[in-house]
Amino acid sequence: TLQTGPEIGQHYWIDLANRSDTKVSDILSKSHRRAATVQLSFEFPFYGHLIKNVTIATGGFLYTGDYVHSWLAATQYIAPLMANFDTSISNDSYIRYVDNGTAFTVEWEKVALRDKPNVGEFTFQTTLHKNGDIVFVYQNVPFFITSIEDDHHPVKVGLSDAYIIDRTVFRKFQNNRWTCQWCPSINRCSNGVDRNRQIWLTRGCEKKQVDNVTMCSHISGADIFDESNITYTHDVNEFQHQLEGYSKASSASALGPNHPVKMGVSSIMAILFLIAMVAGLAIWILYAYRNPHTTSGQILI
């Protein structure tokens with residue numbers, strides 16, 4: 001719910017400066033595009049998953065994913081005001097946080113925009129409550145948020161969850177079903193598109209899923225899923241054998257293994273063209289991955 005007014009703001013604002021248990025991150029208070037992970041004293045429910053760690057970013061948001069990567073601002077986040085903040089611009093900029101056992105509060109105090117350091121300083125907070133409530137409070141916003149430029153950093157206010165996979169082979173959803181299905185190999189109910197999708201794919205749940213309405217109706221996947229007994233393997237040798245088999249099959253023509261193979265100029269040009277196309281695509285993907293906030297990076301997302 002959206003509540004405005006100075007009285008409401010004062011009610012939810014946590015005075016971190018005068019608390020003895022407040023912690024100040026020296027690294028984040030003097031950095032640009034830095035992040036630090038903090039362990040919570042309680043389990044915080046986020047999109048049906050209980051999380052114990054959050055990553056505080058200088059860019060005005062918390063990252064809630066399990067794996068820190070270069071796409072923090074585009075995947076799983078809690079953003080009171082995500083923007084291109086640089087705490088190294090001013091000696092008065094601080095990032096503070098406190099955990100009282102039932103709530104975790106982070107404050108971005110007097111942080112300035114790297115692109116427009118002279119427009120003023122921003123001060124705001126977010127608090128995560130053990131019951132799942134999330135509070136955004138703003139003490140000082142010097143100008144309209146809609147006027148903040150997003151050329152070098154996304155500007156967002158809100159929440160997001162996502163799933164991340166480390167596969168290069170993309171697989172289609174079976175029957176395009178988005179309802180929860182039971183997977184016996186991981187003892188979990190899911191629709192296959194939550195933050196544990198990598199495990200769902202690794203254990204072959206797309207093929208093994210079972211329609212078990214009773215299990216999926218009465219048991220929460222976040223409550224029964226235990227990732228500690230999952231082992232990940234990447235069989236490079238098996239993939240290499242597949243490549244070798246394809247190579248051998250391609251070299252044996254219908255004319256027999258001893259028949260010479262002739263290639264014309266057009267065939268050579270076609271092969272070179274394909275190689276150039278593949279190389280160009282690989283370079284573009286690498287550039288977009290390394291620069292997620294550019295136009296190419298957004299297209300890749």
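So with the 1.4 Å probe, I'd like the accessible area per residue for segment 15-113, rounded to whole Å². Provide the component values of the computation, followed by the final result.
On the way: 4010 Å² over 99 residues.
Counting only protein heavy atoms, the per-residue value for segment 15-113 is 40 Å².
Remind me, relative contact order of segment 6-160 in percent, using alpha carbon pairs under 8 angstrom and six or more residues apart? Kindly include the intermediate steps, with their values, before the conclusion.
Working: 330 pairs, mean separation 35.9, N = 155.
In percent, rounded to a whole number, it is 23.
Quick one: which of 292-298, 5-11, 43-49, 193-199 comes out on top by average Cβ neighbours within 10 Å, and what's the full order, highest first?
Details: 292-298: 15.0, 5-11: 10.3, 43-49: 16.7, 193-199: 18.4.
The densest-packed peptide leads the list: 193-199, 43-49, 292-298, 5-11.
Under the Kirkwood approximation for Rh and a Cα-based Rg, what ratio Rg/Rh is obtained for segment 6-160?
Numbers: Rg = 14.5 Å, Rh = 15.6 Å.
Rounded to two decimals, Rg over Rh is 0.93.
Taking all protein chains in place and a 1.4 Å probe, what share, in percent, of the accessible surface of segment 1-113 do carbon and sulfur account for?
The C+S portion of the solvent-accessible surface of segment 1-113 is 48 percent.
The values are calculated or read from the model by the stated rules, or taken from the named source; none is laboratory data. Worth saying up front: this structure is predicted, and the values here are computed from it rather than measured. Because the Cβ atoms are built from the backbone with ideal geometry, glycine has one as well, and the counts that use them run over all protein chains shown. Areas reflect the complete protein model, heavy atoms only, side chains present, ligands, DNA and RNA absent. Shrake-Rupley method; radii C 1.70, N 1.55, O 1.52, S 1.80 Å.
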